[in-house]
Amino acid sequence: MQVAVFDDVTEMGAVGARRIASLFTRRPRSVLGLATGSSPLPLYDAIVSEYQAGKVSFAQAQAFCLDEYVGLPADHPEGYLNFIRRVFTDRVDFAADAVHAPAGTSSNPIAAAAEYDAQIHAAGGVDLQVLGIGSDGHIGFNEPGGSLRSRTHWGHLTLQTRKDNARFFGGDVSSVPESCLTQGLGTIMDARELLMVVNGENKAEAVAQMVEGPVSAHWPATVIQAHENAVILLDEAAASKLKLRDFYQESWETFLQYQWSHGE
Ligand code: GLP
């Protein structure tokens with residue numbers, strides 16, 4: 001795991017965007033995994049800038065969202081497929097049918113979950129997965145207590161997550177769906193590369209647990225410690241509870257110089 005800390009989220013987004021642009025320039029048919037939430041927005045804005053500057057194209061790419069609410073109407077603006085189209089994929093040149101999310105409107109969410117894993121597999125797997133993290137340590141919508149090896153599944157949301165996400169629903173917790181379809185932790189861990197972006201003090205405890213805590217289903221993001229190619233981009237507030245922050249920063253400089261700069 002590589003951890004980097006930034007003074008501002010614009011710079012953080014730009015660094016992540018350059019990595020994604022580099023991948024899709026080398027291998028235009030790659031598969032991008034997408035996270036919703038507010039944390040990746042500076043990253044998506046920065047990728048749109050790279051696209052507008054002619055530095056990257058997604059015309060041959062495919063994208064898979066991490067998760068989707070169950071129970072929202074298909075045209076609800078906060079449905080994750082609609083959200084990701086609005087904030088990112090419709091602003092670049094993804095083909096409309098190349099952007100996927102679990103079928104949260106399905107009458108059979110269990111079958112829909114299995115179909116989603118099969119779709120990802122058929123596309124060749126996710127090459128680079130963008131991640132955020134919830135204040136309770138969830139990634140995707142994998143809440144505390146789930147299997148560290150789970151596949152895409154139908155899950156229940158914690159009250160904390162529903163409170164956190166109420167801001168997207170006019171502040172009304174009762175309007176936030178209680179369940180979701182989410183890629184499992186096992187599905188996420190199959191991605192060849194993980195790129196997490198996190199900002200804000202309300203994430204500091206979850207970040208400290210993820211990077212320095214024991215691997216535990218209680219903090220689902222800790223599973224990332226076992227991934228061979230995971231990069232975590234943080235702002236100062238999100239990094240504020242890390243004990244080895246200075247070491248990570250030194251290590252990051254070496255990583256940039258010897259790995260990312262060689263396109264690997
Ligand atoms: C949401 C999403 C996650 C996201 C997380 C953090 O509920 N399901 O994929 O990473 O919670 O969201 P935010 O970045 O808005 O804090």
Task: segment 186-215 residues that are of a type in the set (S, T, N, Q), paired with ones that are part of a loop (DSSP other than H, G, I, E, B) (beta carbon under 6 Å, 6 or more apart) - done: 187/151; 187/152; 199/39; 199/238; 202/135; 209/137
Open item on the list: Show the residue pairs meeting these rules: Cβ distance below 8 Å; 6+ apart or different chains; first residue within segment 74-90 and touching a residue at least 24 places away in the same chain (Cβ under 8 Å) and of a type in the set (Gly, Ala, Ser); second residue assigned to a loop (DSSP other than H, G, I, E, B) and away from the ligand (no atom under 15 Å from the Cβ).
Closed with: 74/105; 79/73
Open item on the list: Any residue in segment 33-44 that is more than 24 Å from residue 124 (Cα to Cα) sitting within a Cβ distance under 7 Å of a residue that is assigned to a loop (DSSP other than H, G, I, E, B) and more than 6 Å from the ligand (Cβ to nearest atom)? List the pairs, counting only those 6 or more apart or interchain.
Closed with: 39/199
TODO: Could you run through segment 98-111 and say how many residues are under 20 Å from the mean Cα position of the chain (by Cα), farther than 21 Å from residue 40 by Cα and not hydrophobic (A, V, I, L, M, F, W, C)?
DONE: 1
- [ ] Among the candidates 97, 93, 117, single out the residue that is more than 14 Å from the ligand (Cβ to nearest atom), touching a helix residue (DSSP H, G or I) at 6+ places or on another chain (Cβ under 8 Å) and more than 25 Å from residue 221 (Cα to Cα).
- [x] 93
Open item on the list: Among the numbered criteria (1) assigned to a loop (DSSP other than H, G, I, E, B); (2) among the aliphatic types (A, V, I, L, M); (3) within 13 Å of the ligand (Cβ to nearest atom); (4) closer than 12 Å to residue 33 by Cβ, which one does residue 133 miss?
Closed with: (4)
- [ ] Could you identify the single residue in 56, 5 that is in contact (Cβ under 8 Å) with a residue 24 or more places away in the chain, β-branched (Val, Ile, Thr) and under 25 Å from residue 164 (Cα atoms)?
- [x] 5
TODO: Being assigned to a helix (DSSP H, G or I), among the small types (Gly, Ala, Ser) and either within 16 Å of the ligand (Cβ to nearest atom) or surrounded by fewer than 19 Cβ atoms within 10 Å (Cβ to Cβ) (or both) narrows it down to one of 57, 38, 22, so name that one.
DONE: 22
TODO: Considering every residue within segment 181-204, establish whether at least one is farther than 30 Å from residue 122 by Cβ, away from the ligand (no atom under 16 Å from the Cβ) and not aliphatic (A, V, I, L, M).
DONE: no
- [ ] Please indicate, with yes or no, whether at least one residue in segment 155-164 is away from the ligand (no atom under 13 Å from the Cβ), among the hydroxyl-bearing types (Ser, Thr, Tyr), part of a loop (DSSP other than H, G, I, E, B) and in contact with an Asp or Glu (Cβ under 8 Å, 6 or more places away or on another chain).
- [x] no
- [ ] Please work out which residue is surrounded by the most Cβ atoms within 10 Å (Cβ to Cβ), limiting yourself to segment 118-130 and to residues that are in a helix (DSSP H, G or I) and of a type in the set (A, V, I, L, M, F, W, C).
- [x] 120
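No value in this document is a laboratory result; all are computed from the given coordinates. All values derive from a computational prediction rather than experimental measurement. Virtual Cβ from ideal backbone geometry, glycine too; neighbours counted across all protein chains shown.
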